[in-house]
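FYI, it's all coordinate maths here, none of it is from the lab. Not measured: the values here are computed from a predicted model. Neighbour counts are summed over all protein chains in view; Cβ atoms, including those assigned to glycine, are modelled from backbone coordinates with ideal geometry.
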Amino acid sequence: MTRVVGIRGATTVEEDSLEQILDATQDVLVRLQELNGFSPDELASILFSTTPDLRSTFPARAARRLGWVEVPMLCTHEVDAPSSVPRCIRVLIHWNTDKTLKEVRHAYLRGSRVLRPDWAIPPLTGPAARLEAPEDPLREAQGAPPETAPAPAPPPRPAPPLSPAPPLVVQPVAFQGEPGAYSHEAILGLFGDGAHITPCPSFRAAFEAVHQGRARAALLPVENSTTGSIHEVWDLLLSHDLQIVGEVILPVRHALLGLPGATLREITTVVSHPQALTQCEGWILSHGWTAEPGSDTAGSARRIAELADRSRAAIASTVAGTLYGLDVLARNIQDVAENFTRFLLLVPRAAFVTGQRAPGFPAESPIKTSIVFATRHQPGSLYASLAEFAVRDVSLTKIESRPDRRTPWSYIFYVDIEGDPSEPRVAQALQALQRQASFVRVLGSYPTRTLP
């Protein structure tokens, strides 16, 4: 039998501004909808209230912003009370439903969590977590016991220990280029000099080497701090079933490599990958040399060794110079000193078990999550999708659009997120994004490591 039940929520803001009030109120409304699964047409009414220190009122606009235009709403101003939480917004939703009161979920966010610790999201910890409906929430939040504190609940029985996930096997590691490439240098920095490698002539070949079992993983560059993204790798990642399990940041230190005994005065032509030439363009021009593009940095070094022409040099890593018997004529010749390349460690999605951690990454490494999604073709779709992260305080470290090859003049968006889907706020943001977007795929949650 359908009846009206109440759903309660509250949150706080840092300052008295309409923008903050609307953003915080929208966060509460979205959380309550996620927790209970109602649709706006099932709501009988919504009552909003603000504490007296908030003069920029009208929080009901947040519901209108969500498209809840048919629901009757009322905004009220609370009287001043000693036990009130400063800059607080409360919401009471009247829901036409057959659910019982015990099935209804409430949400208290930010500073308002001390009002109802049992309904706090995320839950409070410590002594405050055992309180119920306090008479003086500010006093109790500071650690003072309430005048009539309920008896603490018995501690929960510990869950049985989980079996550790099997170790993740990532070697041999495929990479694009020849031995001595910067990808090879990153592999050595991550796994040590004894790392097993599978050189591949192209990015696509590296993906195929993993799919065909000739390699257990691939380490591929996706972005340089100077020249930007390597779009081919992102496109291949979308079309192949590989998962990101680690990120490596490599400081790129370009070296000029020449034949043994050659000098800078003898050099007239410099060979390297186009990106390396771009990153060293100013240094090359300052010497009046001719830049000649090559397939990759290590291959250019090998070519210089084979040609035995003292007037030609390669821009590559010192590792390549050692492998191909070349002298280092100059070090750190990149135009921008802070030059870094970001690599992703990829494994077959079917080979990855939840809880596994790639070797070479310290346990305290920060976690990042990469996703790709497409929006619906309607005004405000991208804004609504990104707002799902903003209202939950989830930080985005990268967003980039790419053409959707399936539909002309349509685009997909690659986004990097700080955090792990095991965190409630990240999980809720991704779940909410599923409702906003036409397509969402999580490319992986992974640790990151910067090499020295």
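Counting only residues at least eight positions apart within a chain, or on another chain, the lysines with an alpha carbon under 16 Å from that of Lys368 are Lys398.
Residue exposure proxy: Thr407, Thr11, ordered by other Cβ atoms within 10 angstrom of their Cβ from fewest to most, comes out as Thr407, Thr11. Normalised by the number of residues in region 255-331, the average gap of Cα pairs under 8 Å and 6 or more apart makes the relative contact order 50 percent.
A simple rule links phi to the HN-Hα coupling: the Karplus curve 6.51 cos²θ - 1.76 cosθ + 1.60 with θ = phi - 60°, which for region 407-414 gives 9, x, 6, 10, 9, 10, 10, 9 Hz, with x for Gly and Pro.
Taking the chain as the reference, fit the longest principal axis to its C-alpha atoms, fit the long axis of helix 182-191 to the helix C-alpha atoms, and give the angle between the two in degrees, 0 to 90, nearest 10. Tilt of helix 182-191: around 60 degrees.
Label positions at Val69 and Asp193, each projected 7 Å from the Cα along the C-beta direction, are separated by 7.0 nm. Among the listed options (i) 65, 51, 44; (ii) 86, 49, 41; (iii) 82, 56, 40, the one matching Cα extents along the principal axes in Å as calculated from these coordinates is (ii).
Ordering of 222-228, 305-311 by packing is 222-228, 305-311, highest average first (other Cβ atoms within 10 Å, averaged per residue). Loop-located chymotrypsin sites (Phe, Trp or Tyr not before Pro) in region 392-442 (DSSP state not H, G, I, E or B) with no more than 12 neighbouring Cβ atoms inside 10 Å: Trp409. Our note on the geometry: Cα centres of region 380-435 and region 90-124, 26 Å apart.
Couplings 3J(HN,Hα) for region 432-438, derived from phi with the Karplus relation 6.51 cos²θ - 1.76 cosθ + 1.60 (θ = phi - 60°), are 5, 4, 4, 7, 7, 9, 8 Hz, where x marks Gly and Pro. Across the chain, Cα pairs under 8 Å and at least six residues apart give a relative contact order of 14 percent. What is region 178-247 by shape, rounded, prolate or oblate, if you read a ≥ b ≥ c off the alpha carbon gyration tensor as root eigenvalues and call it rounded for a/c under 1.5, prolate for a/b larger than b/c, and oblate otherwise? Taking the square roots of the gyration eigenvalues as a ≥ b ≥ c, region 178-247 is oblate.
If you take the Cα centroid of region 319-373 and the Cα centroid of region 202-259, the two points sit 8 Å apart. Based on C-alpha pairs under 8 angstrom that are at least 6 apart in sequence, region 294-452 has a relative contact order of 25 percent. Among Arg113, Arg3, the ranking by other beta carbons within 10 Å of each residue's beta carbon, starting with the fewest, stands as Arg3, Arg113.
Just to be sure I understand: of the beta bridges DSSP finds with both ends in the chain, what percent are antiparallel, rounded to 5?
DSSP beta bridges in the chain are roughly 75 percent antiparallel.
Converting phi to 3J(HN,Hα) with the Karplus coefficients 6.51, -1.76 and 1.60 and the offset θ = phi - 60°, region 324-332 yields 9, x, 9, 8, 8, 7, 7, 10, 6 Hz in sequence order, with x at every glycine or proline.
For the modelled label position 7 Å from the Cα of Arg435 along Cα-to-Cβ, which residues of region 386-402 have backbone nitrogen atoms closer than 19 Å? Only 386-394 fall inside the zone, counting backbone N under 19 Å. Annotation: the residues Val270, Val104, sorted from fewest to most other C-beta atoms within 10 Å of their own C-beta, follow the order Val104, Val270. Estimated purely from DSSP H runs of n ≥ 4, each contributing -39500 (n - 2.57), the mean residue ellipticity at 222 nm for the chain is -7000 deg cm²/dmol once divided by its residues.
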